[in-house]
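The structure under discussion appears below in the form of structure tokens.
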Amino acid sequence: MEPHLNLTHILLWELLPEALAIAASAVYLSATKGMAPKGFPIGSFRVRVLSFVGLLACILSGIGAFPEVMSVILVLAEPFELLAVVLFGTLIFRPTLISRSKLRVYLSAAVALSGLCAMLFMWNTLRLLTHGVR
């Protein structure tokens, strides 16, 4: 028995936040790889844009994973993502705080974890769709 087409389209449409979270995570991680080393100023506009992208990645990943916690990884990732959301919100208004290297490492790890969780959630959902909805 094949899955109902309307149900398949609805489920694929619901995966849009996860797809955007994965894209935002990839953009954030690739842009922070080129951050200036110590002693060089980092542009406040760049920090604000990257903070907004990181905030978007964490929020969109949490939107999809929060209602249906499917694994232990998602449960462990939520506190890191929530703290990262607060830190990204702070960085939007105070971009000079990015000069702390531990903060940059934590935020990069949180964004990578949110992208990984979004990929896991999306993979599980697509796997369920390919095996048929009953």
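No value in this document is a laboratory result; all are computed from the given coordinates. The model shown is predicted, which means the values in this text are computed figures rather than measured ones. A quick note on method: Cβ atoms are made from the backbone with ideal geometry, for glycine too, and the neighbour counts reach across all protein chains shown.
Things to note:
- Net charge of Cβ neighbours under 15 Å - reference residue 51; Lys, Arg +1; Asp, Glu -1: +4
- With a simple spin-label model that places each label point 7 Å from the Cα along the Cα-to-Cβ direction, the separation between residue 128 and residue 14 comes to 0.7 nm.
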